[in-house]
Amino acid sequence: MKPLSKHFHAFFIDIIGMGCSSREPYRVKNANESVDYFVKFVEEWRRIKDITNFFMCGHSLGGYMATIYAIKYPQHVKKLFLISPVGFSEKPKDFDIKRLEVVTTLDENGNEIQNKGPPQFAMHYIWPILWDRRITMLDCVRRMGQTLTFDIISAYVSEKLNPDNDELKQEVLVEFLFQLSQFPSSTEEVLYDLFEIGCFPLFPVIEKIKKLGKPISFVFGDKDWMDSTGAEVIITAVS
């Protein structure tokens with residue numbers, strides 16, 4: 001954040017109901033209402049700040065929301081930067097949840113590597129049940145008690161987010177994620193309104209963003225669980 005702030009007047013926004021934003025009751029129950037809910041939040045913030053012609057960056061769900069906003073309010077967005085955005089790949093007609101048991105990543109030379117994904121039992125039974133009942137991972141964590149939750153978050157950060165074993169980074173990230181896990185449920189349920197299981201969008205954006213006429217950059221990691229297929233289609237179409 002600091003490097004960006006040296007060159008830009010930067011704002012960092014937590015989506016309403018997530019991160020450190022307020023936890024308002026989330027009562028919308030379909031894709032169209034969800035899209036309107038989040039776009040309205042961003043546009044109201046923009047109106048209050050009285051800014052326009054800005055670079056807009058979003059990560060994961062934020063990348064999808066930034067795209068939806070740009071489609072509805074293109075006059076305010078100068079360029080989109082999307083980092084590992086969810087929702088940019090449409091559901092294949094022959095989709096099988098078993099495919100998610102293998103995660104394809106790229107090595108340093110750009111060659112595909114087949115990595116083992118989540119356990120078969122989780123993919124076939126647990127995930128569909130949680131999805132149908134609109135139970136999020138944070139819902140599960142909240143029911144484990146603070147001690148177990150803290151231990152799980154510590155292990156996750158150590159393995160996935162802090163491979164260099166930086167003690168300060170470990171302490172800050174664990175405390176931040178733990179505090180977030182203790183907040184009440186809110187808009188995290190949006191996943192079930194906007195996406196099918198497998199994170200395929202109910203409100204596709206590929207064709208709309210092709211016609212947007214705005215510069216766009218995608219960033220994916222070499223071991224990224226987000227599917228970059230849709231992004232590749234868009235870049236090819238607008239190049």
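The values are calculated or read from the model by the stated rules, or taken from the named source; none is laboratory data. Everything numeric here is computed off the predicted structure, so don't read it as measured data. Backbone-built Cβ (ideal geometry, glycine too); neighbour counts: all protein chains shown.
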Exercise for review: Collect the residues in segment 1-39 that are closer than 23 Å to L180 by Cα, surrounded by fewer than 11 Cβ atoms within 10 Å (Cβ to Cβ) and among the basic types (K, R), keeping them in residue-number order.
Suggested key: K2, R27
Practice item. Give the residue that is nearest to C199 (Cα to Cα), with candidates limited to residues of segment 24-43 that are out of contact with any helix residue (DSSP H, G or I) (no Cβ under 8 Å at 6 or more places or on another chain) and part of a loop (DSSP other than H, G, I, E, B). Key: R27
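Quick check on I129: is it within 27 Å of N32 (Cβ to Cβ), surrounded by fewer than 16 Cβ atoms within 10 Å (Cβ to Cβ) and aliphatic (A, V, I, L, M)?
yes
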**Study point:** Criterion: surrounded by fewer than 13 Cβ atoms within 10 Å (Cβ to Cβ), assigned to a helix (DSSP H, G or I) and at pLDDT below 85 - qualifying residue of E159, E108
**Key:** E159
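To keep it simple, each residue is scored yes or no on (1) within 30 Å of V157 (Cα to Cα); (2) crowded, with 17+ Cβ neighbours inside 10 Å; (3) in contact with a Phe, Trp or Tyr (Cβ under 8 Å, 6 or more places away or on another chain); (4) not hydroxyl-bearing (S, T, Y).
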site	(1), (2), (3), (4)
F176	yes, no, no, yes
Q182	yes, no, no, yes
K211	no, no, no, yes
G221	yes, no, no, yes
M226	yes, yes, yes, yes
A231	yes, yes, yes, yes
T236	no, no, no, no
Revision key, fill the gap. With criteria (1) of a type in the set (A, V, I, L, M); (2) under 19 Å from the mean Cα position of the chain (by Cα); (3) farther than 30 Å from K29 by Cα, L180 comes up short on (3)
Check your understanding: So how many residues does segment 189-234 have that are outside the structural domain of R27 (by TED's automatic domain parsing) and in a helix (DSSP H, G or I)?
Key -> 6
**Study point:** Candidate set from segment 55-73 (those that are over 30 Å from W127 (Cα atoms) and touching a strand residue (DSSP E or B) at 6+ places or on another chain (Cβ under 6 Å)); member that is surrounded by the most Cβ atoms within 10 Å (Cβ to Cβ)
**Key:** A70
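Take the residues in segment 162-173 that are in a loop (DSSP other than H, G, I, E, B) and not charged (D, E, K, R); name whichever of them is modelled with the highest pLDDT.
That would be N165.
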**Study point:** Subset of segment 74-104 [surrounded by 15 or more Cβ atoms within 10 Å (Cβ to Cβ), at pLDDT 95 or above and not in a strand (DSSP E or B)]
**Key:** H76
